[in-house]
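Heads up, the thing below is written out as structure tokens.
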Amino acid sequence: MSKFSCQSIIVLVSIIVAGSTLAATNPDVLSVNVNGTNLSSGESITLDGFVLGSTFRFKIVTENNGDDSPPLYNNITLSFPQFTSSSDKSRVSLYSKSSDLVAAELFGSEAGGGDGYANYVMVEAQSTDVWDGSDLWPPGAENETLEVTLQPKAYGSFYVYYRVAMSNQESWTSGWTYEPSSGGYLDCLGFSSYRITVIIPPPDTTPPSTVSSLTDGISGWSTDTTPRFTWNDATDTSGILGYWWSVDDSTPQTGGTWLGNTLGGEGVTLPTQTDGTHTFYVCAIDDSPQQNVGPVSSHTFSVDGNAPSVPQLLSPGSGNTVYDQTPYFDWSTSSDGSGSGIGRYDIEIYDGDLSWGDIAASTTASQYTPTENIPYDTVYWRVKAIDNVGRESAWSSARTLYVVEPFAVASISVELNRTSGTTDETYQRRATFSGTG
């Protein structure tokens, strides 16, 4: 082998078997896999969600398909172009191996050997057994397995070169048979090799889009205390994992409720809401390992789930008598709590010959003066409140009112005459009455 200036990390497993018998050698790569997924030379695998600092495993299984006698030298060589310094040895470690392999990790010239070594990491193993062809099925083949753990330095394409070599000579400088024997890819030492590519996608740092068309389908106040909100799916190159939503919390991703993604639009029915104005918030989470949070969308909604309070009648007092056929009615202002507010009051007046609603009116104020005469009679009156979404209070208790025709009024005029004379004065009085009574 000759020396090359290429500097990468190589894992070299050497199985050295003592003996003088020469045998035909036929090295073969049975399989390779990454994290258990089998690959062939030239193929690639993508490790979605891989984060720098993590590791993956590469496993190679080889055999000698030659004569039933061990070759004198057997090398499994793995190289990693991304690893170019001695400190990168810490990024390669043995995970598992055949029991007859004793391995040590070295970098390039640390292993000695002059021109036979370039600057790369080796895992050099000496066999304590023979690598022959009679121990395992099928006859004529014995497997040797090596599995390493690798920690990439950067995102992108991570290449693994691998090959097997055997020599039937006592000197390692001759008698070599290689797999692959030619072509393929050239590793750091210039030998024909197989290669697989491990693709490590860079992290997704782009948040998903804002959700669109967020609505509860209602404009203004609503009597629906469990509104349903819908929106169109957000978009992201990594896909959408789901959504965080909340009510009156502008950071749903920290304290909201999770909703898994379903294609074709999203929706959620809220639990019962209290009266008042609220805000619904929602944001998308992408399906990357980083789970990026999208912008928060919001929609304000108003709920009025309760009726107003019952008005309290003030005047005229119960059982009062009035002579005016258009008396002034007054009552307390009703409350609608945190709801939509009082929209109007309905007042009804009736006598024994009528029914409720025969004399009726609506007003936005808490008092009313009839625009038509009320009959002279015993009448009854009541009031209810209606809020701005149409919820009605109960009717107040009815009050009795006596509307009485006034007595006839008499007019009296008095005329006083004075007669002068002596020291005494005499007055004459004359009264004149008019009218009925």
Using modelled amide H (1.01 Å from N, peptide plane; none on Pro or chain starts), what sits under 5 Å from the amide H of residue 320, excluding residues fewer than 5 places away? 402
Which whole-Hz ³J(HN,Hα) couplings does segment 278-285 yield from phi under the Karplus relation 6.51 cos²θ - 1.76 cosθ + 1.60, θ = phi - 60°, glycine and proline marked x? 10, 10, 9, 10, 8, 9, 9, 10
List the chymotrypsin sites (Phe, Trp or Tyr not before Pro) in segment 288-350 that DSSP assigns to loop (not H, G, I, E or B) and whose Cβ has at most 11 other Cβ atoms within 10 Å. Which are they? none
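Say R0 is 30 Å: what FRET efficiency, to the nearest 0.05, do residue 344 and residue 405 get from their beta-carbon distance?
On the way: r = 32 Å, r/R0 = 1.08.
Computed FRET efficiency for residue 344 and residue 405: 0.40.
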Residue 44 long-range amide H proximity, modeled H, under 5 Å: 197
Estimated vicinal HN-Hα couplings, Hz - segment 302-307 in sequence order (Karplus 6.51, -1.76, 1.60; Gly, Pro = x): 10, 10, 10, x, 10, 7
Ranked on Cβ counts within 10 Å of their own Cβ, fewest leading, 371, 257 go 371, 257
A correct Karplus calculation of ³J(HN,Hα) over segment 43-53, with 6.51 cos²θ - 1.76 cosθ + 1.60, θ = phi - 60°, whole Hz and x for Gly and Pro, returns 8, 9, 9, 9, 9, 4, x, 5, 10, 3, x
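Read the figures in this text as sums done on the coordinates, not as results from a lab. Not measured: the values here are computed from a predicted model. For neighbour counting, all protein chains shown are included, and Cβ atoms are generated from backbone atoms with ideal geometry for every residue, glycine included.
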